[in-house]
Each structure stands twice: as structure tokens, then as C-alpha cells.
Amino acid sequence: MSPSARQRPAIEVDVVMRREPVIGPMSRWQAWRWVLADVMVRSDPEQTGPQAAHTSHEPQAVEPVDATGNDGQATHWLFPGFRVELFRDDAEGYLLNVHSPQPCFWVFWRADEERLLDGEPMAVPQIVTLSYHDAGRWLDAQERVDQVPAPPEVVEWLRAFVDVTYQPEPKKRKRPDSFKPLTDRFGQPVRISTEKIRGGGPPGR
């Protein structure tokens, strides 16, 4: 691990994915779907030192805390040991998250063709982030991204980091109106001459 990585604030989390039956007409084409169920914090957000995340995120079948509405058909899978780091150069992304109506974790996940459940690909989390910018980039790339609310202690930890690291870009000085080019009513540039008109005016009658 590099010295810079050891200095970055980080927490370790587990990701829980839920496989649930598709209800309604869509079930004719897709019997099951995967959704993000939870992101569980494993370490103290106040601890900013290095933490040993798992090198492997092997899934474990788990029982849901509240199975209301699942009719006993949904299954939950826990993927342990994801490290969520905070980067100084992404302070604005964290600021946008903190100031949102519901600060959250975003999880980027993919269907893994090599991990099958009942013959279908399993949803496998790839990265967990607290950055609004990260989530936006993944969505722009047409990746699968789900979110869950972040607990209060994580939000406060993130807010403290933003307070220390975020520096708004200096506002550009507005150019005075006197420096704006003059145009006519058709938008064409106008040239103003300061030369004296020589000679008399038009001949009188």
C-alpha cells in the first residue's frame, strides 16, 4: 500500500444484494432481478488510518433482517470487505452528496457470467463510493448503479472531510461592459471613427 493510500481517510463496508422475483407482465421475460439491499459499515468512521480490506469479496447467503413483502422468495447475499476512501481532489463530489436531501452510498455492480445462481448471472458489487461525481460517471457509462442512505455517523464523517478539504474555485472577474464589442441590430461589429470630418457640410440651397 502506498504512503498516500495509508493517509487517506477510509472505512470498510459490506454490501448486501437482494435477488427478488419480478412481479407483473415483465416476469414473462425476466423471472428475477437484483437490487442493492444495504451497505453495512464495519469500521469506525472516526478512524482514519489504514484498514485491511478483504482481497476477495466472496458472497455469503444471509437472512434478511426484515423480509416484509418478499413472500419468502427473495434471497440476500453479502459481499464483504469493500474499502471506501476519501480523496482530496474529489471534495466537490462529496460536498454534493452531503448537501443532497438524502446523503447516500452508491454501489457500482455488474452481472458476473462466471458466478451463476440457478443458471443466471449473480450481481457482484465492484466499487462503493460516497462521491456524487463517481456515481455520475458510472451512470454516464451506462453501468448499473444503486444507492442506499448513508448512516448519520458516516454523513458527519464525510461532512468533516469536506469542511477541511473543499475549496471553491475562484470566481472569474467579470469583464466591464465597456470592453464588450459594439454590434449593430443585426449582430455585426460596429467601427467607430474618431477622425475629424474634413471639409464643409453639404452645399446649401
*asked:* Of the residues Glu169, Glu58, only one is at pLDDT below 95, more than 30 Å from Val22 (Cα to Cα), of a type in the set (Asp, Glu) and part of a loop (DSSP other than H, G, I, E, B); which?
replied: Glu169
*State the number of residues belonging to segment 133-166 that are in contact (Cβ under 8 Å) with a residue 24 or more places away in the chain, assigned to a helix (DSSP H, G or I) and basic (Lys, Arg).*
1
*Arg88, sole failed condition from (1) within 18 Å of Ala10 (Cβ to Cβ); (2) in contact with a Phe, Trp or Tyr (Cβ under 7 Å, 6 or more places away or on another chain)*: (2)
*Report whether or not Pro80 is farther than 20 Å from Ser43 by Cβ and part of a strand (DSSP E or B).*
no
*In segment 94-124, what count of residues is obtained for those that are buried (at least 19 other Cβ atoms within 10 Å of the Cβ), in contact with a strand residue (DSSP E or B) (Cβ under 8 Å, 6 or more places away or on another chain) and either free of Cβ contacts under 8 Å to residues at least 40 places away in the same chain or part of a helix (DSSP H, G or I) (or both)?*
2
*Restricting the first residue to segment 13-36 and requiring it to be among the hydroxyl-bearing types (Ser, Thr, Tyr), which pairs with a second residue that is assigned to a strand (DSSP E or B) meet a Cβ separation below 9 Å and a spacing of at least six or different chains?*
Ser27/Pro21
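The values are calculated or read from the model by the stated rules, or taken from the named source; none is laboratory data. Given the structure is predicted, the values throughout are model-derived calculations rather than measurements. Because the Cβ atoms are built from the backbone with ideal geometry, glycine has one as well, and the counts that use them run over all protein chains shown.
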